[in-house]
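The values are calculated or read from the model by the stated rules, or taken from the named source; none is laboratory data. Here the structure is a predicted model, which means the values were calculated and not measured. Neighbour counts are summed over all protein chains in view; Cβ atoms, including those assigned to glycine, are modelled from backbone coordinates with ideal geometry.
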Amino acid sequence: MNEAVVFDTVDKSFAEGPEVLSEVSFDIAEGEFVCLLGASGCGKSTLLSMIAQLERPTGGAIEVTEGGAAFMFQDASLFPWLTAEQNIMLALRLAEGRCQIRQRKVRRQRAAELLDLVRLSEHAHRRPHELSGGMRQRVALARALAQERPVLLMDEPFGALDAITRSLLHEELLRIWRTTGRTIVFVTHSVDEAVHLGQRVLLLSSRPGRIIGEWEVAEEDREGARRAVLVDEITERLRNEVGRHGGDTH
Amino acid sequence: MLRQAFGPLISGLQVLPSVAWVPAAVIWFGLTDATVYFVIFMGAIPSVVNGLIAGVRQVPPQHHRVGRVLGANRWQMTTRILLPAILPSYVGGLRQGWAFSWRSLMAAEIIATGGSMGFGLGTLLDQGRALADMSVVLTAVLIILLVGVVVELLVFAPIERRLLTTRGLLES
């Protein structure tokens, strides 16, 4: 299977600050759903920013499959002056090259399809402040999908939502992942969320961030006793890591 | 960077009463309408530019990040993201610019009269003073006030209300 993202002994530090990431190496296959788990401030978001080329590594090499990565932020980060549909249409417009500008009608049609995919067709003409937190995140997801990039990066996208909305969006996300076949890198500090969503869970240490644990999550590991065992095992490892640094997971 | 480069100059110009430009304008353009336009322009431009610079400074950094991940080039970042984002501040600057330029116009008309310059409210005010006719003076003051209120109510208030409402910053 081809690799969508390859990290080869990547280091990252900011000017005069301590090292944020140290010798991070991992591969993510095309179409894989990987959850990146770690305490707050361990460098998870920095790692995503480097995949999205918003930050450059100070050492090592990063390879991202042709077409690059779309990014979904913790807050929806929608443009407040645009409606849900217009936010998606803007993403479609910006994703087009100079030579392949689509007609507005075609963009509108594609935006309608994407809004339908995230079950928000009825709210196409609402502005972000007229939508609930969960709806805004669904628009943000549709906008990320609009870029038609093979990799989707998600930085704790459901962290600020209530448990019921989060659970609904988990199912939506899994459905969309199966439908679109995108490679997803999902950052979270919730072990439950990581085990529920990911095919693989990578645990990142703090100060500096390193990959210190990796678990394959089979379908049967997502339910019942096996799930509990896996969650306990990862939680224990995360707790040890947090204890070692006196940090927190919030 | 924009603020550092032009900030002190713009703030200085805003403090300078635009009437101070009248003598220079008369020397440059004579007693023509160009003098009035110049004084109005010098009265309005610092507020408009200040509004623009303040708007640029207040754009959330996240808008830049989103623009970058969406693949916006420099032109698209400016036209599709920055300009819409700064629009409320820009309109605020225009509103302040209008107030300054309206005041400047009245002052310019009082100070510079004659030549090919038209007859305006400031001229009427000055004529009332020369004739010691209080009713003319008060009528001119009320009309000047009325024009200010009407422009505010019919132009700037609806634009600002619409801009803020669509962004969720004001109850509709």
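Applying the criterion of at least 2 residues that are in contact with a helix residue (DSSP H, G or I) (Cβ under 8 Å, 6 or more places away or on another chain) and not β-branched (Val, Ile, Thr) to the strands (runs of 3 or more DSSP E) found wholly in the range A:173-250 leaves A:200-204, A:211-216.
Restricting the first member to the range B:119-130 and to residues that are more than 17 Å from B:Thr32 (Cα to Cα), and the second to residues that are not in a helix (DSSP H, G or I), the beta-carbon pairs closer than 7 Å and six or more apart or on different chains are B:Asp126/B:Thr113.
When B:Gly93, B:Gly43, B:Gly51 are checked against the criterion of being modelled with pLDDT of 90 or more, within 18 Å of the chain's Cα centre (by Cα) and of a type outside the set (S, T, N, Q), B:Gly93 stands alone in meeting it. Among the conditions (1) within 22 Å of the chain's Cα centre (by Cα); (2) free of Cβ contacts under 8 Å to residues at least 60 places away in the same chain; (3) within 11 Å of chain A (Cβ to nearest Cβ), B:Leu87 misses just one, which is (2). Residue count for the range A:77-86, restricted to those that are at the interface with chain B (Cβ under 10 Å from one of its Cβ atoms) and either closer than 22 Å to A:Phe186 by Cβ or among the polar types (S, T, N, Q) (or both): 3. For the range A:139-156, the set of residues classified as closer than 16 Å to A:Phe79 by Cβ and either more than 13 Å from chain B (Cβ to nearest Cβ) or not in a loop (DSSP other than H, G, I, E, B) (or both) consists of A:Val139, A:Ala140, A:Leu141, A:Ala142, A:Arg143, A:Ala144, A:Ala146, listed by residue number. Under 8 Å between Cβ atoms, which residue pairs at least 6 apart in sequence (or on different chains) link something in the range A:48-75 that is at positive phi with a partner that is of a type in the set (Asp, Glu)? Every condition considered, the pairs that remain are A:Gly60/A:Asp8; A:Gly60/A:Asp11; A:Gly60/A:Glu23; A:Gly67/A:Glu148. When the test is whether a residue is out of contact with any Gly (no Cβ under 8 Å at 6 or more places or on another chain), farther than 20 Å from A:Asn87 by Cβ, modelled with pLDDT of 90 or more and not hydrophobic (A, V, I, L, M, F, W, C), B:Arg74 passes it. Taking the range A:66-76 as the range and being surrounded by 21 or more Cβ atoms within 10 Å (Cβ to Cβ) and away from every other protein chain (no Cβ under 11 Å) as the test, no residue passes.
Just one of the listed residues (B:Leu146, B:Leu163, B:Leu138) is at pLDDT 90 or above and loosely packed, with under 12 Cβ neighbours inside 10 Å, and it is B:Leu146. Does A:Ala140 meet the test of being within 13 Å of the chain's Cα centre (by Cα) and surrounded by 16 or more Cβ atoms within 10 Å (Cβ to Cβ)? For A:Ala140, the condition - within 13 Å of the chain's Cα centre (by Cα) and surrounded by 16 or more Cβ atoms within 10 Å (Cβ to Cβ) - is met.
Across the range A:33-65, the qualifying residues are those that are within 14 Å of chain B (Cβ to nearest Cβ) and part of a loop (DSSP other than H, G, I, E, B), and the one among them that is surrounded by the most Cβ atoms within 10 Å (Cβ to Cβ) is A:Ala52. Within the range A:165-189, can you find the residues that are buried (at least 16 other Cβ atoms within 10 Å of the Cβ) and in contact (Cβ under 8 Å) with a residue 40 or more places away in the chain? Across the range A:165-189, the qualifying residues are A:Glu172, A:Ile176, A:Trp177, A:Arg182, A:Thr183, A:Ile184, A:Val185, A:Phe186, A:Val187, A:Thr188, A:His189.
One residue stands out among those in the range A:115-131 that are away from every other protein chain (no Cβ under 14 Å) and touching a residue at least 12 places away in the same chain (Cβ under 8 Å): the one that is surrounded by the most Cβ atoms within 10 Å (Cβ to Cβ), which is A:Val118.
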